[in-house]
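Down below is the structure, laid out as structure tokens.
The values are calculated or read from the model by the stated rules, or taken from the named source; none is laboratory data. The structure presented is a predicted model; accordingly, all values stated were derived computationally and were not measured. Virtual Cβ from ideal backbone geometry, glycine too; neighbours counted across all protein chains shown.
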Amino acid sequence: VRRVVVVGAGMAGVQTAVALREQGFKGSVTLIGAEPHQPYDRPPLSKAVLLGKAEGSAFDVDFEALDIDLQLGREALGVRPLEHELDTATGPEPYDVLVIATGAEPIQLPGAEGVPGVHLLRTLDDAERLRPVLAQQHDIVVVGAGWIGAEFATAAREAGCAVTVVEAADRPLAGALPAEVAARMASWYADSGASLRTHARVERIEPGAVVLDDGSRVPADAVVVGIGARPATAWLAGSGIALGAHHEIVADDHLRTSVPDVYAVGDCASFPSGRYEDRLLVHHWDNALQGPRTVAANIIGEAPAAYDPVPYFWSEQFGRFVQYVGHHAPADATVWRGDPAGASWSVCWLHENRLVALLAVGRPRDLAQARRLIEAGTPMDPEALADASKPLKAA
Ligand code: FAD
């Protein structure tokens with residue numbers, strides 16, 4: 001392999017380029033990204049960057065020193081695998097190996113596209129448009145009580161805005177966590193002074209208000225939509241690269257796509273997890289850090305082990321540090337550590353007495369211990385596990 005082209009200059013694309021150099025790849029590395037900005041990290045966008053506590057979140061990577069040819073403001077439009085060419089807005093780019101890391105794009109509320117005062121939160125440009133909205137202490141309606149909605153509501157409350165969060169389900173994080181766990185997080189909204197309205201759908205957006213399906217009008221100088229993201233793969237139509245039901249690139253356990261010499265990594269791709277006997281589509285930062293190491297090792301011909309991470313993510317919301325490790329789908333038992341009405345607690349998910357996932361609120365030590373126990377697959381004693389005063393350890 002002489003020429004690697006990486007498309008998408010977010011976390012996964014940048015990490016792939018860097019990992020190639022770290023692992024000794026001597027050929028050319030071209031990193032192509034649609035956004036005009038120096039590559040940056042997204043988690044701070046809904047936290048410090050939004051509040052103006054940090055100017056930006058550019059990655060601390062010296063692309064020139066690493067001999068990475070960084071091409072910003074260049075959008076990829078298609079792939080022709082037989083010719084080994086990527087088509088872009090400024091002409092074709094030949095590759096020996098192509099890595100697709102185009103991430104995900106936020107889902108817009110139907111009918112809200114182009115409506116003044118309606119915002120999404122995915123890019124640096126989005127965050128910069130939202131900063132003055134917070135500074136003006138507007139009335140804000142957040143659509144969706146997911147991870148982004150909760151983090152945005154946190155920042156908006158901190159900035160002194162009146163915040164109503166509108167959620168179609170009966171609880172926050174309905175798509176991410178089981179009901180008994182997510183229900184514990186509903187009170188966090190009110191504690192912070194935000195109003196959470198569940199079972200509520202947006203009927204339409206009018207100047208100055210959001211009208212809900214029960215006819216009620218919620219004052220809104222601005223609306224922030226946080227109803228999920230979908231892999232940015234529309235540009236691959238006709239390429240022959242297999243996509244899945246969620247528009248994601250269907251990768252194998254080495255992050256190879258269905259087409260030779262093309263890999264996919266980060267938010268845009270799903271992969272089979274041997275550990276969980278499930279196909280995972282992970283939209284979190286850690287996956288965009290770990291996956292690229294496997295891709296780079298494959299490219300340089302190291303024949304690495306299958307990509308089979310224990311997924312991890314964190315969220316900072318309503319003054320709490322929330323962390324999750326593992327995958328709770330296969331669980332057959334749940335064990336609580338600490339009082340979920342209190343400031344810090346964890347919940348453990350077990351499958352045949354082995355830990356498969358843990359959610360920690362303000363208990364980072366539980367998280368660190370759980371990660372090791374999940375990786376090792378050690379049998380646990382559920383009774384001992386429930387004692388929050390003791391560390392998590394094997395039976
Ligand atoms: P992206 O970061 O989406 O990067 C993909 C890049 O590809 C983009 O720059 C895009 O412009 C570019 N691109 C797309 N299509 C094309 C094309 N056709 N041609 C060229 N370039 C293209 N995760 C956590 O674990 N914890 C957090 O607290 C957390 N907070 C977050 C807060 C916010 C506001 C957001 C948006 C995400 C957050 N995440 C968090 C998720 C995490 O940021 C993502 O999982 C991570 O950014 C994925 O990296 P990626 O490189 O796969 O995709």
Determine whether region 42-56 contains at least one residue that is free of Cβ contacts under 8 Å to residues at least 60 places away in the same chain and in contact with a helix residue (DSSP H, G or I) (Cβ under 8 Å, 6 or more places away or on another chain).
yes
Exactly one condition in (1) within 16 Å of the ligand (Cβ to nearest atom); (2) on the phi > 0 side of the Ramachandran plot; (3) of a type outside the set (Ser, Thr, Tyr); (4) in contact with a helix residue (DSSP H, G or I) (Cβ under 8 Å, 6 or more places away or on another chain) is not met by Asp67; state its number.
(1)
Before we move on, is Leu98 away from the ligand (no atom under 11 Å from the Cβ), at pLDDT 95 or above, buried (at least 21 other Cβ atoms within 10 Å of the Cβ) and not small (Gly, Ala, Ser)?
yes
Given (1) more than 19 Å from Leu177 (Cα to Cα); (2) basic (Lys, Arg); (3) touching a residue at least 40 places away in the same chain (Cβ under 8 Å); (4) not assigned by TED's automatic domain parsing to the domain that holds Gln23, where does Arg337 come up short, assuming only one miss?
(1)
How about region 157-172: which of its residues are crowded, with 23+ Cβ neighbours inside 10 Å and either within 11 Å of the ligand (Cβ to nearest atom) or within 12 Å of Gln317 (Cβ to Cβ) (or both)?
Val165, Pro172
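Conditions (1) in a loop (DSSP other than H, G, I, E, B); (2) away from the ligand (no atom under 12 Å from the Cβ); (3) over 30 Å from Leu134 (Cα atoms), marked per residue:
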position: Val6; (1), (2), (3): no, no, yes
position: Ala9; (1), (2), (3): yes, no, no
position: Gln15; (1), (2), (3): no, no, yes
position: Phe25; (1), (2), (3): yes, yes, yes
position: Gln38; (1), (2), (3): yes, no, no
position: Leu51; (1), (2), (3): yes, yes, no
Could you go through region 116-138 and let me know if any residue there is exposed (fewer than 14 other Cβ atoms within 10 Å of the Cβ), outside the structural domain of Val166 (by TED's automatic domain parsing), in a loop (DSSP other than H, G, I, E, B) and in contact (Cβ under 8 Å) with a residue 12 or more places away in the chain.
no
Mind checking which residues of region 267-297 are farther than 28 Å from Ile107 by Cβ and surrounded by fewer than 18 Cβ atoms within 10 Å (Cβ to Cβ)?
Gly274, Glu277
